[in-house]
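Working notes for the structure below.
The values are calculated or read from the model by the stated rules, or taken from the named source; none is laboratory data. Remember, predicted model here, so these are calculated numbers, not experimental data. Every residue, glycine among them, receives a Cβ derived from its backbone with ideal geometry; neighbour counts consider all protein chains shown. We work out accessible area using only protein heavy atoms, side chains counted, and drop any ligands, DNA or RNA first. Shrake-Rupley method; radii C 1.70, N 1.55, O 1.52, S 1.80 Å.
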Amino acid sequence: MTRSPQGRTSRLTRPSIAVAAAIAVTAGVVAAAPDAKTAEPSPKLSLIAASTSVTLDSWKEDPGVYLDLGTYLTSENGAFELKVTRKSYKDPVLATQVLRNGKKTTTKALPAGLVKDFSGLPDFAQISVTDAAGKTVLKQTEAFCPNNASGRIRPDAPANSKYPQSCPVNPFTLGSVWGVENGWASNTYAGYYAKPVQLAAGTYTAKISVTKKYRDLFGIANKPQSVKVTVRERSWEEEEQGGDASARSAAPRSSQSAKSAAGHQGHGGHEGHQQAADAPAASAHAAHGAPARPEAPAARTTGATPTFNVGHGPY
């Protein structure tokens with residue numbers, strides 16, 4: 001993903017320099033105007049949090065917490081678009097950012113080797129978690145698929161996104177388009193590509209930021225988001241005995257999550273993923289009398305859209 005650095009020195013015309021000098025004399029303010037004819041439009045990207053707090057579940061039968069923290073990357077002043085391709089299965093993956101200005105389209109190559117496959121931008125989000133005493137208990141990075149679950153953040157934004165609903169990891173993929181539509185936001189949670197982390201029941205504070213190399217590359221402001229996290233321990237058996245159907249339906253997939261994630265590596269289609277993972281899960285849990293669980297190892301958040309299909313669609 002490449003883009004015009006926002007810190008680029010602006011070119012000035014002679015009239016604009018004269019105007020700036022006049023303003024400096026009369027008002028004590030130095031002003032400079034970029035040449036509109038040479039300025040290249042580029043999307044303004046920002047990291048936002050949909051909520052200041054989330055509750056995550058850890059199940060006794062399958063310990064581990066998925067860090068669906070409800071953070072999103074927004075795109076304003078145009079769509080954020082990347083074209084990711086390779087000439088053959090032996091050639092490296094190359095990524096370019098596509099910039100559109102009316103009928104004019106320009107491209108800028110991302111640094112060689114930055115993107116190695118079609119699953120997303122590696123090490124995009126930096127996540128650190130501290131406990132109630134202020135001790136850092138977790139620090140890790142996660143990849144970001146721009147085609148994740150997304151939604152509009154402005155009523156005047158396009159009603160539909162023109163971008164696909166996943167970043168394919170099919171081994172036969174030769175090309176893909178990733179993007180965040182103008183006026184939309186895409187969830188930064190890695191979904192099936194993420195691994196659960198071990199956090200005991202309790203309260204934590206998660207700090208999420210975009211890593212420096214992507215901030216520099218796309219001109220993203222360094223504005224980390226802070227989210228309060230409550231981890232609660234639950235049990236499928238106890239809730240089944242208690243008859244809490246709503247709680248059971250919110251439970252994440254157990255051992256099937258690993259199987260479905262592994263199965264996804266062999267294909268890129270959402271429908272195939274559901275058939276491959278949901279059917280075995282349903283039959284297995286029915287045989288044990290366990291409650292049914294949703295499509296992905298994540299609870300709903302209060303973000304732009306539910307995130308249980310992150311990385312696979314639908315929006």
Checklist entry - Which of LYS44/LYS108; LYS108/LYS223; LYS83/LYS108; LYS135/LYS207 have a Cα-Cα distance over 18 Å? => result LYS108/LYS223
Item to check | Distance-filtered residues of the stretch 96-111 - backbone nitrogen under 20 Å, label point 7 angstrom along ARG86 Cα→Cβ | outcome: 96-97, 109-111
Item to check | Cleavage-rule hits (chymotrypsin sites (Phe, Trp or Tyr not before Pro)) in the stretch 100-195: DSSP loop, at most 16 neighbouring Cβ within 10 angstrom | outcome: PHE172
Next on the checklist: With a 1.4 Å probe and all protein chains left in place, how much of the accessible area of the stretch 44-238 comes from carbon and sulfur atoms, in whole percent?
Outcome noted: 51 percent
Checklist entry - By how many nm would the segment from ALA133 to ARG215 lengthen if fully extended, with 0.36 nm per residue of separation less the alpha-carbon distance? => result 26.5 nm
Checklist outcome for this item: With a Förster distance of 25 angstrom and the Cβ-Cβ distance between ASN170 and LYS108, calculated FRET efficiency to the nearest 0.05 equals 0.40
Next on the checklist: Can you list residues from other chains, or at least 5 along the same chain, whose modelled amide H is less than 5 Å from the amide H of TRP59?
Outcome noted: GLY64, ARG234
Item to check | Over the stretch 44-238: Kirkwood hydrodynamic radius from C-alpha pairwise inverse distances, Å | outcome: 18.0 Å
Item to check | the stretch 44-238 - accessible surface per residue (Å², probe 1.4 Å) | outcome: 47 Å²
